[in-house]
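Every number in this text was worked out from the coordinates using simple rules, so none of it is lab data. These figures come from a predicted structure and were not determined experimentally. In this analysis, Cβ positions are derived from the backbone assuming ideal geometry, glycine residues included, and neighbour counts consider all displayed protein chains.
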Amino acid sequence: MPRLLPWGNGWTSVFTLPIHPKNEPDSWRPGRLTAWHPVQQWLRATVWLLALLGFVARVAAAEVTLAWDPRPDTRVTNYRVYWGYQSRTYTGSFEVGNVTTTTVGSLVAGTRYFFAVTATTPEGLESDFSNEVDYTVPLPPLVPPALQVQAGATPGEARLLWTANADSAVSNYRVYWGTQSGNYTGWFDAGKVTSAVVGSLTPGATYFFAVVAMATDGRVSAYSNEGSYTVPLPPPAPPELTLLAGPMTLQTETTAASVMLAWKPSPTPGVTNYRVFWGTQSRNYSEWYDAGNVTSAAVGPLVEGVTYDFAVVAMTADGRMSDYSNEVSYTVPLPPPPPPAEPPMLAGAVSRLSHRTPGAFDLPLNLSGPPAVEGRFTSSLLLVFRFDKPIAAARAAVVRGVGAVSGEPAIDGNEVAVTLTGVANRQWLTLCLSDIESQDGAVLDVATVTLGVLGGDVDGNGVVNSTDQQLVRAVMGQITSARNFRADVNLSGTLTLADFQAVRMRNGHKLPAL
């Protein structure tokens with residue numbers, strides 16, 4: 001006795017399906033199925049209930065599963081499922097083989113479908129239709145809005161904002177509220193909008209809100225997330241601010257770095273704290289602290305020479321705050337002037353040249369005694385002066401020899417770097433820094449450094465000779481480093497035959513008398 005069973009996720013339901021042969025009932029002929037036993041034509045009430053639950057469980061999938069009792073006749077090798085949009089008028093069918101269940105998918109939400117099954121044989125015989133079952137695909141549930149609750153524009157109002165539902169059938173949003181979470185005593189229909197204002201709320205009371213989306217086809221979403229809003233109580237009255245020695249006067253104990261304030265308490269009941277504000281602009285306070293339930297407080301440390309403005313507010317335990325009190329001002333006395341700063345002192349100087357890839361290497365310059373000699377070939381020098389404190393400004397000039405200062409001195413902390421161009425060889429060169437001002441304002445009038453410029457003078461003795469050639473020959477093939485950079489007279493980054501030849505070509509060159 002074939003039966004047709006629709007079911008959903010976890011639910012199994014049984015529909016009894018009568019199967020009658022479509023052809024002659026008394027004998028088999030090619031293309032006909034005969035001698036089929038009739039089946040019962042009843043359905044149990046409990047079976048129908050399970051079927052409905054089964055359909056509901058498959059809404060999200062937009063599909064339905066059908067099942068039937070197998071035909072006991074061994075000649076049956078296939079079952080054919082018919083479906084359509086009208087009872088007993090089927091617009092499509094498909095064969096499922098010798099099974100007793102199948103799933104019909106790609107169903108359209110909101111559409112009613114009708115189903116029946118027949119049994120077939122290899123010879124082409126087909127039974128009559130089974131009993132018919134129908135199924136209306138449920139419309140998808142509405143997604144609940146996402147709710148936010150804010151303070152309204154005026155006291156006693158709450159402003160609600162929620163996300164719009166993408167379902168085109170949504171035509172209204174219903175707003176619920178009450179003073180207990182999940183227990184709403186009031187509601188109204190806001191229409192097809194995404195915000196609403198709920199007014200006439202009681203100060204000090206907490207209200208809970210939720211919103212549902214409603215469609216023209218009768219669907220209603222679940223509640224949105226719940227939002228809450230506590231209506232603020234009116235603020236307390238502000239205190240009256242004075243100073244301990246009398247209105248607008250300073251207490252005798254006031255020091256240069258602090259001030260003592262006093263105020264009359266607020267007349268509003270429930271005040272538990274007074275917050276003290278201060279800053280350097282009237283009614284624009286940058287600092288504050290909570291003094292507690294007292295009527296005086298000290299404020300400090302304060303900066304000498306600065307005028308401060310002060311105000312106090314009263315606060316209740318539930319967070320209410322009064323307006324500012326009257327404002328009082330105080331100028332902190334200046335301390336005696338500090339002693340003048342010492343001028344900066346020259347601590348050292350170097351000649352800094354780049355040797356390509358290995359980088360720059362510094363030739364120390366003597367601040368006293370015989371001047372150092374720069375033996376590397378170059379017409380541009382970078383002289384770096386190092387002082388004992390950070391420098392803010394300086395001027396530079398060549399006061400002896402051939403060369404010119406290029407641009408302004410570059411200042412970096414304690415160092416002043418001066419670039420020279422057009423520097424001649426075989427000369428004494430003196431660079432003078434003047435008006436050297438440190439960052440603390442002290443000024444050094446002059447600082448000078450003298451050096452010799454003699455290309456090829458590797459040992460710095462003021463003359464190019466065979467000793468210099470030997471020094472270069474000893475390090476040929478090496479990469480320029482802090483130990484051998486004076487022999488890299490060509491500034492190539494590598495000690496080569498070219499350095500040796502450059503020194504040998506200038507054998508006998510020497511500096512003029514100092």
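The table that follows gives values for the structure above.
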item	result
Computed helical MRE - 222 nm, the chain, DSSP H runs ≥ 4 contributing -39500 (n - 2.57), nearest 500	-2000 deg cm²/dmol
Amide H contacts of residue 230 (H built 1.01 Å from N, under 5 Å, at least 5 apart or other chain)	207
Percent RCO, i.e. relative contact order, over the chain, from Cα pairs under 8 Å lying at least 6 residues apart	8 percent
Label assignment, Rg and Dmax of the Cα atoms in Å derived from the structure, set (1) 35.5, 124; (2) 49.9, 143; (3) 22.7, 75	(2)
Ascending count of other beta-carbon atoms within 10 Å, so fewest first, for 466, 130, 351	466, 351, 130
Residue 78 long-range amide H proximity, modeled H, under 5 Å	120
Order of 479, 436 - criterion: other Cβ atoms within 10 Å of each residue's Cβ, fewest first	479, 436
The range 326-372: Rg to Rh, with Rh as the Kirkwood radius over Cα pairs	1.50
Square roots of 5 times each gyration tensor eigenvalue, C-alpha, the range 282-391, largest first, Å	63, 20, 11
At R0 = 25 Å, FRET efficiency that the Cβ-Cβ distance of residue 419 and residue 492 yields, to 0.05	0.75
Radius of gyration and maximum dimension Dmax of the range 156-308, Cα, Å	25.6, 81
Scattering curve values for the range 397-514, log₁₀ I(q)/I(0), Debye with Cα scatterers, q = 0.10 Å⁻¹	-0.41
Sorted by Cβ neighbour density within 10 Å, fewest at the top, the residues 451, 491	491, 451
Förster radius 25 Å - calculated FRET efficiency between residue 406 and residue 368, Cβ distance, rounded to 0.05	0.35
Relative contact order (percent, whole number), the range 123-208, Cα cutoff 8 Å, 6+ residue spacing	26 percent
Peptides 179-189, 309-319 ordered by average Cβ neighbours within 10 Å, highest first	309-319, 179-189
Estimated translational D of the range 147-230 in µm²/s (Stokes, Kirkwood radius over Cα pairs; 4 °C; 1.567 mPa s)	100 µm²/s
Dimensionless Rg ratio for the range 64-201, taking C-alpha atoms and the 2.2 N^0.38 Å reference	1.85
In nm, spacing of pseudo-spin labels at residue 430 and residue 510 (7 Å Cα→C-beta vector)	2.3 nm
